[in-house]
Amino acid sequence: MEGFVFPNEVHVTWTVMIVLYPYITGLVAGAFIVSSLYHLFGIQALKPIATFSLVSAFVFLLFAPLPLLNHLGRPERAMNIMITPNFRSAMSGFGFVYLIYAVIVFFEIWFHFRGMMVEKWREAAGLKRKLLKLSLLGSTDRNERTDAIDRMMVRGLAGVGIPVALILHGYVGFLFGSIKANPWWSTPLMFIIFIFSAIVSGIAVLTFLYQFVTWRQRLPVSQRTLNALGRLLWAFMIGAVSLELMEVLSVAYEQTERWAVLKELIGGKLFVSYVVFQLFICSLGPFLLLMARTLLRLPQRLANSFLFISAALLLIQVLLMRWNVVIGGQLLSKSYRGFTSYLPGLFDKEGILVAGIIIIIPFLLLRQFDRAFPFFGREEKASAAGAAKR
Amino acid sequence: MGDNTDLNRRRFIQLALAGATGAFVGTLTAFGAPGEKPELRSMQDLSKLEWGFLVDTTRCIGCGSCVRACSAENDVPDSFYRTWVERYEIDKDHEVHVDSPQGAIESFKTDQCEKQRLAKGFFVPKLCNHCRASACTQVCPVGASFHSPDGVVLIDRSRCVGCGYCVQACPYGCRYIDHDIGTADKCTLCYHRLHRDLTTACATACPRQARICGDLRAPDSPLRRVLDQRRYGLLKPEMGTDPKCYYLGLDLEVK
């Protein structure tokens, strides 16, 4: 603790769990937008990861409320947010927006996999066959016409899903941006900053996993896809970081009382996590690497290494951004005269171990999904191997 | 000697029985009797009231009686405060030193700056401002934070989910999460006392009458009379929360 903080501010109310919540919803929104770039806007270069992005969005979406539930003082009353919502509160919309988005993503995935599930159903027997029929909601027809309808539904849902994804995540930014009591949060730009950083984290996680999984499983990798991801990542990270810096710059230039306290926060408590790590190492680093990769004619292997490192750094950058917003805003006392401290415990209910588990589970679930419906090039590899044998 | 011992023993048993019976009857009386019930007022009658609060910073001596009284009256959890007292000391170099050790529940035991260097010093008691346009009730996602018809900001503990959004929204640092029950908590303006025609515990305990609670709509209430005669200030009026806790002798340094 430094200076004077109001006695009730000694304890930080929103912990690392509330850092994870916008991080995970950001991954959801970003991954969904990448999948829509293919399904809706027809960017063919993204085809190899389109299904993976859609499923990733859904899996992350399933786990987005988990840190919130762990944080609530009375989690058994969580449904009150939909039973007795106070519509004057920005937070009351969470349940509804989340549910609408979950339904959209679920049905987009369902229509996307319906054809494959019908094929599996035809070959299956016994209980597996019954379960598959149940999953298909009894819809076991498959012909050219049904395939066309499925594709049309996927496109339609992707179209509806984009604004909902932006609302879901922009709304998370608004939750913070609308708190007038907090000088670090209160800005109308907050929801736009959150949307941009969400897209960055979504593209980064897909790039990272695509490169990691194809490397681990020795699967063929599409260079065209990697190049497209690299360009998208570069463009969106420039947007995200510029917006964030412009916000700080305008507050600094205005020289109001707000800047007097934020200057202390940025130069003090947040210097290492914000200035050193978020801005210099994890923003400037990937910016330079991605610029080199996009503008220079680098050897392919080096260019792909640059992309992999950039994706990893940007994943950390967005996590740090969430930390610096959520925790940073609470370190600053509303007395404008001091700062409190926060470091999560290792084994606390809302500590580092639990946070680690919550963030890892979606990846494990993705791994299981991959076993049932392989994401990357394995079919091509198998057919290529089959052709070679023949 | 033996008779004496028997007598003493008999006497002891008699006293013990009488004592036990007394304690039993006393307990029944204390916990079983209905006591004085608060008068139930209709919504219409409540709406005629508007509770407000006045803090005269020029009278506060920083003794911390108010903080102790509030803590005892409302069973406030350790290390959280429904009310607290801040000490401001401005030295001859115009440096401002502010503190409130444990909310000043044990008053102020050490000086922040040397007496010779002190230019100005004063105490500022703080509590929930029971704002008319309260940010905390606005952000509560489940409607658990609400305005009573007589203008007090309260929390329905049976509905609060403990999300902490109200804690973030309050510009004055008046709210906290009571981790024992998992819900938000704050000053209720001793609502349970107000409706027994008692004033708040903090105002009762203040030896200097630095705190006055009253009905802002009653023209002859002590609170209204002071507000009509004296100049007062509000905390963070720029927040647009329209607070109902008025301060006499408020210094610019107080946030």
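The values are calculated or read from the model by the stated rules, or taken from the named source; none is laboratory data. As the structure is a computational prediction, the values presented were derived from the model and not from experiment. Note that we place each Cβ from the backbone using ideal geometry, even for glycine, and neighbour counts take in every protein chain shown. With ligands, DNA and RNA removed, areas are computed over all heavy atoms of the protein, side chains included. Shrake-Rupley method; radii C 1.70, N 1.55, O 1.52, S 1.80 Å.
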Okay, helix-only estimate at 222 nm for chain A: each DSSP H run of n ≥ 4 adds -39500 (n - 2.57), divide by all residues, round to 500 deg cm²/dmol; what do you get? -24000 deg cm²/dmol
Cα gyration tensor, chain B - rounded (a/c under 1.5), prolate or oblate: prolate
List the equivalent ellipsoid semi-axes of segment A:35-151 in whole Å, largest first, each obtained as the square root of 5λ for an eigenvalue λ of the Cα gyration tensor. 33, 20, 13
Calculated [θ] (222 nm, deg cm²/dmol) that DSSP helices of n ≥ 4 give over chain B, each run adding -39,500 (n - 2.57): -8000 deg cm²/dmol
Partner chain Cβ atoms within 10 Å, averaged over the residues of B:102-111 - can you pull that number for me? 1
What residue among A:Pro85, A:Gly328, A:Gly239 has its Cα farthest toward the positive end of the dipole of chain A, where the charges are +1 on Lys, Arg and -1 on Asp, Glu, each on the Cβ? A:Gly239
Dipole of chain B [Lys/Arg +1, Asp/Glu -1 at C-beta], most positive-end residue of B:Thr204, B:Ala135, B:Leu216: B:Leu216
Classify segment A:1-95: rounded, prolate or oblate, from the alpha-carbon gyration tensor (a ≥ b ≥ c, eigenvalue square roots; a/c under 1.5 rounded; otherwise prolate if a/b is larger than b/c)? prolate
Need one value for B:154-163: mean number of C-beta atoms belonging to other chains within 10 Å of its residues' C-beta atoms. 5
Using a 1.4 Å probe and counting only protein heavy atoms, how much accessible surface gets buried when B and A come together, both sides summed, in Å² to the nearest 100? 3400 Å²
If one builds a Gaussian network model of chain A from Cα atoms under 10 Å apart, the most fluctuating residue listed among A:Leu61, A:Leu353, A:Leu307 is A:Leu353
For chain A, modelled as a Gaussian network with Cα springs under 10 Å, which listed residue fluctuates most, A:Tyr23, A:Tyr101, A:Tyr336? A:Tyr336
I need the helices of chain A that pass two filters: whole DSSP H segments spanning 18 Å or more by Cα along the axis, and mean Kyte-Doolittle score no lower than -0.5. A:16-39, A:47-63, A:94-123, A:144-177, A:190-216, A:223-254, A:300-331, A:352-372
Let me know the Rg and Dmax you get for the protein assembly as shown when you use only its Cα atoms, in Å. 31.4, 120
Accessible-area ranking of B:His97, B:His147, A:His39, largest first, probe 1.4 Å: B:His147, B:His97, A:His39
Between beta-carbons, use under 14 Å as the cut-off and find the net charge around A:Gly239, counting Lys and Arg +1, Asp and Glu -1. -1
Taking K and R as +1 and D and E as -1, what net charge do the other residues with C-beta under 13 Å from the C-beta of B:Gly103 add up to? -1
Row for segment A:226-279, column shape: gyration tensor on C-alpha, a ≥ b ≥ c, rounded if a/c < 1.5 i.e. under 1.5, prolate if a/b over b/c, else oblate; value oblate
Given the pairs B:Lys126/B:Lys236; A:Lys334/B:Lys92; A:Lys263/A:Lys334; B:Lys48/B:Lys236, which are separated by over 22 angstrom at their Cα positions? A:Lys334/B:Lys92; B:Lys48/B:Lys236
Candidates A:Gly177, A:Gly138, A:Gly30: whichever shows maximal mean-square fluctuation once chain A is modelled as a Gaussian network with Cα springs under 10 Å: A:Gly138
The percentage of Cα-Cα pairs in segment A:1-48 separated by more than 12 Å is 72 percent
Where Lys and Arg each count +1 and Asp and Glu each count -1, what net charge lies around A:Lys334 among other residues with Cβ under 10 Å from its Cβ? +2
